[in-house]
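The structure follows.
Bear in mind these aren't lab numbers, they're just calculated from the coordinates by the rules spelled out. Remember, it's a predicted structure, so these values are computed and weren't measured experimentally. Glycine also receives a Cβ, built like all others from the backbone with ideal geometry; neighbour counts cover every protein chain displayed.
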Amino acid sequence: MTQPPRTRDANTREDCEALDRADPLALARAQFTLPDGVIYLDGHSLGPATHAALARVERTAREEWREGLIRSWNTAGWIDLPRSVGAKLARLIGVAEGDVIVTDSVSVNLFKLGAAALPVAKSRTIIVEDSEFPTDQYVAEGLTALSGAAMMRVGEHQGILALQQTGGVLIRSIVNYRSSDTVDVAAFEEIARASGGVIVWDLSHATGVLDLRLGAKGARLATGCTYKFLNGGPGAPAFVYVHDELAGKIASPISGWFGHADPFAFNAAYAPCEGVSRFAAGTPGVLSLAALDAALDAFENVDLKHIAAKTGALGDLVIARADAMGLATISPRNWTKRGGHISLLHDQGYAIVQALVARKIIPDFRAPNAMRFGVAPLYVRFVEVWDAMDQLADILETRAWDKPEFHARSKVT
Ligand SMILES: Cc1ncc(COP(=O)(O)O)c(C=O)c1O
């Protein structure tokens, strides 16, 4: 494993400048178009635009949609985008190129994969931890109500034990959205196989910040967001991974025409196509897919070991500075056990985050008290983390957060 730069030795802003000069990913930043003066630490919610993605949306809309019209499904390759963008994504999660497609949202894909996994699991039980992202829990509830499977909601870190005991279907994030805790995928998959259970992995917070190598670790089913650390744009479609060996044995519960073996034959009866593409359902959102396709080019030729190491180093710097301010963290201190954000706790976290945003430093907040600082390795600089932490220290010391406008809650936090 590539060691992260020694951020423990970064005691000054100049030390951080030196880390930026030595950063093998430093050049990637030029591909992003961030607003002037903004320090963006919210890539775990919505990644920023790349120049290439903006240009591609413009081209797809003006040339392919306006000029090409319906012909563009063939001439501009729109019809192949779910698979070709999936192939780009496959490298980032470490699986075979043909085993990934881009389609629907994570919520919808969790439903499809959970339902598909039930018939091949030893028991008809859906397991989810109560610390899991809410949509994962809600989908598990809805799916059990509809399918008649048993619902097991268990405490944090208890999911794998429940899977071992029941051999059911576990829905599990690789990186927890609140704490940033990661999980040992290979060990979990070993337990799943031994018990006859199946794991549906949620990669939403993991892709783009870790060297996942899911294939080598035995993962069989996964879905994840593309609008966070993959920078696909607001509401960009999610992806589905199904290991080829399993794909022929399972079926999507949404038997839509885009998962049909021959959609343009317009047969009355449904016949699923080969492989992961059977998890496509309806017509894909081409503008979003095009943006994502171009955004993923920022990862081209990037070594995933460097990605993971820099994510770890930036996170270490956040934690070291937070320690000095007396702020507690719920994120693991060991960088190999953490994703791409650090959660710092404060009762006034919401107002503090608003005070930071007013100073053009953008993290986010998760109720009741977690301030999340995202450290996306392609565009966040060490010196920016240093400056952001200086501002955080000042806001805490001067109580600058204690103004009525910083306490007013918006719809989206
Ligand atoms: C772990 C996790 N899963 C799922 C989602 C939501 O997925 P979607 O809105 O694409 O259904 C999120 C969104 O932040 C998430 O953090």
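Treating only the Cβ atoms of Lys and Arg (+1) and Asp and Glu (-1) as charged, compute the dipole magnitude of region 175-318 about its Cα centre; round to the nearest 20 debye.
260
Which one of LEU118, LEU344, LEU396 has the biggest mean-square fluctuation once the chain is modelled by GNM with Cα springs under 10 Å?
Taking springs between Cα atoms under 10 Å, the residue moving most is LEU396.
So how tilted is helix 134-147 from the main axis of the chain? Cα-based, degrees 0 to 90, rounded to 10.
That works out to roughly 20 degrees.
Have a look at GLU397, GLU189, GLU384 and tell me which one the Gaussian network model of the chain (Cα, springs below 10 Å) gives the largest fluctuation.
GLU397
Starting from the Cα of ASN11, step 7 Å along the direction of its Cβ; do the same at ILE70; then give the gap between the two resulting points in nm.
Going from the ASN11 label point to the ILE70 one covers 7.1 nm.
Could I ask something else about it? Net charge around ALA186, counting only other residues with Cβ within less than 10 Å of its Cβ (Lys, Arg = +1; Asp, Glu = -1)?
-1
While we're looking at this one, here's another question. Which whole-number percentage describes the relative contact order of region 54-299, with Cα contacts under 8 Å and a sequence gap of 6 or more?
Averaging sequence separation for qualifying contacts and normalising by length gives 23 percent for region 54-299.
Given just the C-alpha atoms of the chain, how large is their convex hull per residue in cubic angstrom?
Normalising the Cα hull of the chain by residue number yields 143 Å³.
Just to confirm a number: summing +1 for Lys and Arg and -1 for Asp and Glu over residues other than GLU129 whose beta-carbon lies under 13 angstrom from that of GLU129, what do you get?
For residues surrounding GLU129, the net value is -3.
Under the √(5λ) rule applied to the eigenvalues of the Cα gyration tensor, what semi-axes describe the equivalent ellipsoid of region 54-299? Give them in Å, descending.
Working from the Cα gyration tensor, I get semi-axes of 31, 20, 15 Å.
Another one. Where a ≥ b ≥ c are the square roots of the eigenvalues of the C-alpha gyration tensor, would you call region 160-199 rounded, which needs a/c under 1.5, or, failing that, prolate if a/b is larger than b/c, or oblate?
Prolate is the answer for region 160-199, as a/c is 1.5 or above and a/b outweighs b/c.
Round to a whole angstrom and tell me the spacing of the C-alpha centers of region 364-389 and region 258-329.
21
So, one more: What are the principal axis extents of the Cα atoms in region 2-98, in Å, biggest first?
58, 36, 22
If you don't mind, another one. Determine the dipole magnitude for region 54-299: charges of +1 sit on the beta-carbon of Lys and Arg, -1 on that of Asp and Glu, nothing else is charged, the reference point is the Cα centre, and the result goes in debye to the nearest 20.
Using only the charged Cβ atoms, the result is roughly 240 debye.
Working out 0.36 nm times the residue gap between PHE266 and ASP36, then minus their Cα-Cα distance, what length gain in nm do you get to one decimal?
77.6 nm
What does the charge count near LEU356 come to, summing +1 for each Lys or Arg and -1 for each Asp or Glu among other residues with Cβ under 12 Å from its Cβ?
Every neighbour counted, the sum reads -2.
Still on this structure: How big is the charge dipole of the chain about its Cα centre, in debye rounded to the nearest 20, if each Lys and Arg gets +1 on its Cβ and each Asp and Glu gets -1 on its Cβ?
Result for the chain is approximately 500 debye, rounded to the nearest 20.
Take peptides 200-213, 39-52, 219-232, 398-411 and line them up by average Cβ neighbours within 10 Å, highest first, as a rough protection proxy.
Ranking the peptides 200-213, 39-52, 219-232, 398-411 by packing returns 219-232, 200-213, 39-52, 398-411.
Moving on. In whole percent, what relative contact order does the chain give with Cα contacts below 8 Å and a gap of six or more residues?
The normalised contact order for the chain reaches 22 percent.
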